[in-house]
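Participant: First, the structure itself, so that you have it in front of you.
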Amino acid sequence: MRPGAVRPRPPRPHARPRALTAPALALAAVVLAVGAACGGDDDDGGDDLPPLDAAAEEGRQLAQDKGCVSCHSADGDDGTGPTWAGLWGSTVELEGGETVVVDRDYVARSVREPREEVVEGFNPVMPSYDLTDAEIDALVAYLEALADQG
């Protein structure tokens, strides 16, 4: 060995794994609980959908990338927000009793100013998103693809 060189430590033959501490276990429990409350693995629930065209697939990917699928499902189950299955073209009741048809204009307003027209029975917790018109169009294409899923 060269002078001044540090000798590597040999592996311990029977080293025991470190025990998890109570704070580490508590942190793991919190992470699992938050993940379950927010949709968990970001599965968009669209596994049973027929193949999507390019625009709808772009919208599906956008919804996943922006975290929309944490609150909105594609399989008919309501979450923190309404399901997207069968939503396109339907008439929804808003807080206060007004109704609106889910079309491109409504989707754009709901994404950009979500607290202005809240669907009855849901809390106004959605953040606003500054999506481009092209991104809105992709999201609309995805919602149109889900129209028959509800």
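Participant: Counting only residues that are of a type outside the set (A, V, I, L, M, F, W, C) and either farther than 18 Å from C71 by Cβ or more than 16 Å from the chain's Cα centre (by Cα) (or both), which one in the range 136-150 is most open to solvent (accessible area, probe 1.4 Å)?
Facilitator: D148
Participant: Let me ask something additional. Can you name the residue in the range 28-56 that is open to solvent by 70 Å² or more (accessible area, probe 1.4 Å) and not in a loop (DSSP other than H, G, I, E, B) and is also modelled with the highest pLDDT among such residues?
Facilitator: By that ranking, first place goes to A54.
Participant: Which residues, taken from the range 62-112, are free of Cβ contacts under 8 Å to residues at least 60 places away in the same chain and among the aliphatic types (A, V, I, L, M)?
Facilitator: Correct list: V69, V92, L94, V100, V101, V102, V107, A108, V111.
Participant: So which of A74, A134, A85 is in a helix (DSSP H, G or I) and among the small types (G, A, S)?
Facilitator: A134
Participant: Would the range 60-81 turn up any residue that is over 14 Å from the mean Cα position of the chain (by Cα), crowded, with 17+ Cβ neighbours inside 10 Å and modelled with pLDDT of 95 or more?
Facilitator: The answer is no, given that none of the residues of the range 60-81 is over 14 Å from the mean Cα position of the chain (by Cα), crowded, with 17+ Cβ neighbours inside 10 Å and modelled with pLDDT of 95 or more.
Participant: Shifting gears a bit: Residue check: is E93 surrounded by fewer than 17 Cβ atoms within 10 Å (Cβ to Cβ), on the phi < 0 side of the Ramachandran plot and at pLDDT 95 or above?
Facilitator: yes
Participant: Among the residues of the range 103-119, how many are out of contact with any Phe, Trp or Tyr (no Cβ under 6 Å at 6 or more places or on another chain) and open to solvent by less than 90 Å² (accessible area, probe 1.4 Å)?
Facilitator: Adding up the residues that qualify gives 11.
The values are calculated or read from the model by the stated rules, or taken from the named source; none is laboratory data. Everything numeric here is computed off the predicted structure, so don't read it as measured data. Cβ atoms come from the backbone with ideal geometry, glycine included; neighbour counts cover every protein chain shown. Accessible surface areas use protein heavy atoms only, side chains included; no ligands, DNA or RNA. Shrake-Rupley method; radii C 1.70, N 1.55, O 1.52, S 1.80 Å.
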